[in-house]
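First comes the structure, then the notes that go with it.
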Amino acid sequence: MLLFGLATVLLVRSREVRWWEAVLIGLFGMYLGQTPVLFTADGLVNWLFSGFAHNS
């Protein structure tokens, strides 16, 4: 996990990957790895999508 995190940081710093792509990489990694941080990230993603879906 640390190796992939380091590779992502180095790619972002070299501007091969934009910051929002790095965020998507991180979210994908958390969902794939089922880490304990998943529940916080899942709540944030659900909150963001429910906010955009219910614009009444």
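The values are calculated or read from the model by the stated rules, or taken from the named source; none is laboratory data. None of these values were measured; they are calculated from a predicted model. Only protein heavy atoms, including side chains, enter the accessible area calculation; ligands, DNA and RNA are left aside. Shrake-Rupley method; radii C 1.70, N 1.55, O 1.52, S 1.80 Å.
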Accessible surface, per residue, of the stretch 1-54 when the full set of protein chains is kept, probe 1.4 Å, Å²
89 Å²
Once L10 and A22 are pulled to full extension, the length gained, defined as 0.36 nm per residue separation minus their Cα-Cα distance, is 3.3 nm
May I ask you to give the percent of accessible area on the stretch 1-54 that is carbon plus sulfur, with a probe radius of 1.4 Å?
74 percent
Starting from the Cα gyration tensor of the stretch 1-54, take the square roots of the eigenvalues, sort them a ≥ b ≥ c, and report rounded, prolate or oblate (rounded when a/c is under 1.5, otherwise prolate if a/b is larger than b/c, else oblate).
oblate
